[in-house]
């Protein structure tokens with residue numbers, strides 16, 4: 001089933017599933033890519049979005065109201081919610097590092113079987129950017145990860161050990177792919193849901209990391 | 001002496017070759033585009049630029065990069081300008097990558113007379129290599145040094161003639177921190193007003209930090225960067 005979906009459809013399917021896990025009142029930081037799409041599917045009231053470039057209370061914006069100086073961390077235009085506030089980068093990361101942000105939703109390149117992720121550098125390529133990923137991992141109360149289950153060559157991205165440089169020694173809390181949803185419990189991955197069209201056989205075949213069924 | 005400078009090059013006379021320069025902005029948003037443009041016309045080189053990004057390809061600090069005026073970049077996300085990677089590959093620029101929160105906090109510390117600080121961010125990663133690790137109350141931290149610079153080039157929305165500043169939406173970002181962490185601070189604004197016109201409760205950067213004020217001549221619009 002997943003092979004018949006377009007990339008965008010798959011991304012939206014994952015984002016929609018992540019949104020089910022968000023219960024207000026809470027403050028959520030959304031990373032670039034699939035995490036940004038999660039905002040479209042949040043149905044709970046009292047979920048406030050934080051963006052690390054200095055805004056608490058992010059909403060979407062109508063085309064006519066776009067302001068080039070009002071953007072999210074992906075530099076996409078956004079709006080300001082009722083009750084929003086602006087602050088400098090140091091205050092923004094104090095919120096993150098200081099444990100005041102409830103949930104961070106991030107993309108990942110790899111995750112290991114204890115829930116440690118790699119999402120900022122690829123061996124053999126220039127290391128050009130880390131952004132706020134390391135701060136979010138050490139500071140957010142919960143970290144949710146969205147990722148493709150396999151690479152283009154079909155190899156698993158859920159590995160026994162990350163082969164790319166890790167982003168933090170902290171274990172994430174939940175992992176969402178186009179095939180499955182895992183909780184990280186006591187340093188082990190636990191399968192909690194299959195995505196639409198996926199089978200347990202397919203998940204077993206495409207997951208190198210050990211996980212509890 | 002008035003802090004207002006009508007001549008951009010006059011304002012930039014404080015930037016010397018070999019200087020460390022803080023440059024505000026998150027990409028082009030909140031970047032002092034007029035002052036950066038002025039630097040591209042100035043005969044200066046071997047600069048160490050501290051900024052979240054080095055602009056975009058051929059825009060903002062990206063122009064300065066392509067003129068080979070930058071010896072070293074200190075930032076968190078150079079990915080936004082592909083030219084940085086190409087130059088790095090050719091050995092034409094040094095780069096120091098810091099987590100974004102560490103970049104911000106290092107300037108906050110620098111401006112507040114703090115020499116360094118321990119942070120959880122980066123512990124156990126490649127970016128912790130060579131940095132002192134220390135356990136405090138059972139939690140591991142690494143030592144990060146404060147950042148201070150010769151000059152800061154920043155962007156605000158309004159200044160009064162004393163140098164009090166207010167910012168605009170997400171164009172604030174690193175600017176208020178940089179205002180505190182350099183020997184000479186030059187701000188570029190949309191509007192200059194008389195003292196008393198800004199509400200004291202709304203002033204984000206008090207005038208004590210600001211040395212010179214220039215009026216923005218290059219601004220970011222929906223259509224990109226335009227001259228006004």
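Miscellaneous remarks
- Flag if residue A:55 is within 30 Å of residue A:201 (Cβ to Cβ) and surrounded by 15 or more Cβ atoms within 10 Å (Cβ to Cβ): no
Yes/no per residue for (1) assigned to a loop (DSSP other than H, G, I, E, B); (2) surrounded by fewer than 17 Cβ atoms within 10 Å (Cβ to Cβ); (3) in contact with a strand residue (DSSP E or B) (Cβ under 8 Å, 6 or more places away or on another chain); (4) within 11 Å of chain A (Cβ to nearest Cβ):
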site: B:102; (1), (2), (3), (4): no, no, yes, yes
site: B:114; (1), (2), (3), (4): yes, yes, no, no
site: B:122; (1), (2), (3), (4): yes, no, yes, yes
site: B:127; (1), (2), (3), (4): no, no, yes, yes
site: B:141; (1), (2), (3), (4): no, no, yes, yes
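- Filter result (more than 13 Å from chain A (Cβ to nearest Cβ) and crowded, with 22+ Cβ neighbours inside 10 Å) within the stretch B:13-31: B:21, B:23
- Note on the stretch B:143-169: residues that are over 30 Å from residue B:195 (Cβ atoms) and more than 14 Å from chain A (Cβ to nearest Cβ) total 2.
- Qualifying residue in the stretch B:71-80 (condition: over 18 Å from residue B:149 (Cβ atoms), touching a residue at least 12 places away in the same chain (Cβ under 8 Å) and part of a loop (DSSP other than H, G, I, E, B)): no
- Residues in the stretch A:169-184 that are under 22 Å from residue A:22 (Cβ atoms) and either assigned to a loop (DSSP other than H, G, I, E, B) or free of Cβ contacts under 8 Å to residues at least 12 places away in the same chain (or both): A:170, A:171, A:172, A:173, A:177, A:178, A:179, A:183.
- In the stretch B:48-61, the residue that is modelled with the highest pLDDT out of those that are buried (at least 23 other Cβ atoms within 10 Å of the Cβ) and more than 14 Å from chain A (Cβ to nearest Cβ) is B:49.
- Top-ranked residue of the stretch B:38-68 - restricted to ones that are touching a strand residue (DSSP E or B) at 6+ places or on another chain (Cβ under 7 Å) and in a loop (DSSP other than H, G, I, E, B), ranked as farthest from residue B:98 (Cα to Cα): B:46
For every residue, the table says whether it meets (1) modelled with pLDDT under 95; (2) in contact with a helix residue (DSSP H, G or I) (Cβ under 9 Å, 6 or more places away or on another chain); (3) surrounded by fewer than 22 Cβ atoms within 10 Å (Cβ to Cβ).
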position: A:74; (1), (2), (3): yes, yes, yes
position: A:132; (1), (2), (3): no, yes, no
position: A:137; (1), (2), (3): no, no, no
position: A:146; (1), (2), (3): no, yes, no
position: A:173; (1), (2), (3): no, no, yes
position: A:185; (1), (2), (3): no, no, yes
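- Of residues in the stretch A:185-206 being free of Cβ contacts under 8 Å to residues at least 24 places away in the same chain and outside any strand (DSSP E or B), the one farthest from the chain's Cα centre (by Cα): A:201
- Checking the stretch A:79-95 against the condition returns a match, with at least one residue being touching a helix residue (DSSP H, G or I) at 6+ places or on another chain (Cβ under 6 Å) and part of a loop (DSSP other than H, G, I, E, B).
- The residues on offer are A:53, A:69, and the sole one that is part of a loop (DSSP other than H, G, I, E, B), within 18 Å of residue A:132 (Cα to Cα), at pLDDT 95 or above and in contact with a helix residue (DSSP H, G or I) (Cβ under 6 Å, 6 or more places away or on another chain) is A:53.
- Residues within the stretch A:11-39 that are under 23 Å from residue A:133 (Cβ atoms), more than 14 Å from the chain's Cα centre (by Cα) and at pLDDT below 95, tallied: 0
The values are calculated or read from the model by the stated rules, or taken from the named source; none is laboratory data. Bear in mind that the values here come from a model prediction, so they are computed numbers and not experimental data. Cβ atoms come from the backbone with ideal geometry, glycine included; neighbour counts cover every protein chain shown.
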